[in-house]
Amino acid sequence: MPKAEAKNCVSCGVNLIERGYARFPCPKCGNELGRCVSCRHQSNQYKCANCSFEGP
Ligand SMILES: [Zn+2]
Ligand SMILES: [Zn+2]
């Protein structure tokens with residue numbers, strides 16, 4: 001099984017169905033994180049659910 005895909009924005013929790021969202025690995029643990037368009041544009045903080053890494 002591949003790693004679970006990020007289905008929700010890690011900052012605001014919205015479902016990632018709109019185009020323009022970003023998926024990226026957590027810089028610390030590599031867990032996949034997703035971020036929606038608006039949170040990308042606002043550079044909202046995010047927190048990895050796996051390792052509690054917080055970043056912009
Ligand atoms: Zn968001
Ligand atoms: Zn992490």
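So how many residues does region 13-54 have that are within 16 Å of ligand 2 (Cβ to nearest atom) and either assigned to a strand (DSSP E or B) or out of contact with any Phe, Trp or Tyr (no Cβ under 6 Å at 6 or more places or on another chain) (or both)? So that I can check it myself, show each step before the final result.
In the first step, residues of region 13-54 are kept if they are within 16 Å of ligand 2 (Cβ to nearest atom); the result is 22-35, 45-54.
Checking the rest, the ones that are also either assigned to a strand (DSSP E or B) or out of contact with any Phe, Trp or Tyr (no Cβ under 6 Å at 6 or more places or on another chain) (or both) come to 22-25, 27, 29-35, 45-54.
Number satisfying all stated conditions: 22.
I'm checking my understanding of the structure. Among residues of region 1-12 that are surrounded by 13 or more Cβ atoms within 10 Å (Cβ to Cβ) and not in a strand (DSSP E or B), which one is nearest to ligand 2 (Cβ to nearest atom)? I'd like the intermediate steps shown before the answer.
Looking only at region 1-12, we keep the residues that are surrounded by 13 or more Cβ atoms within 10 Å (Cβ to Cβ), and these are 6, 8-12.
When the remaining residues are screened for being not in a strand (DSSP E or B), the result is 6, 10-12.
Working: ALA6: 12, VAL10: 10, SER11: 14, CYS12: 18 Å.
Filtering region 1-12 for residues that are surrounded by 13 or more Cβ atoms within 10 Å (Cβ to Cβ) and not in a strand (DSSP E or B), the one nearest to ligand 2 (Cβ to nearest atom) comes out as VAL10.
Could you check PHE24 against (1) in contact with a Leu (Cβ under 8 Å, 6 or more places away or on another chain); (2) touching a residue at least 12 places away in the same chain (Cβ under 8 Å); (3) of a type in the set (Phe, Trp, Tyr) and say which number it fails?
If we test PHE24 against (1) in contact with a Leu (Cβ under 8 Å, 6 or more places away or on another chain); (2) touching a residue at least 12 places away in the same chain (Cβ under 8 Å); (3) of a type in the set (Phe, Trp, Tyr), just (2) comes out false.
No lab work stands behind these numbers, since they all come straight from the coordinates. Source: prediction; values computed, not measured. Positions of Cβ are generated from backbone atoms using ideal geometry, with glycine treated the same way; all protein chains shown enter the neighbour counts.
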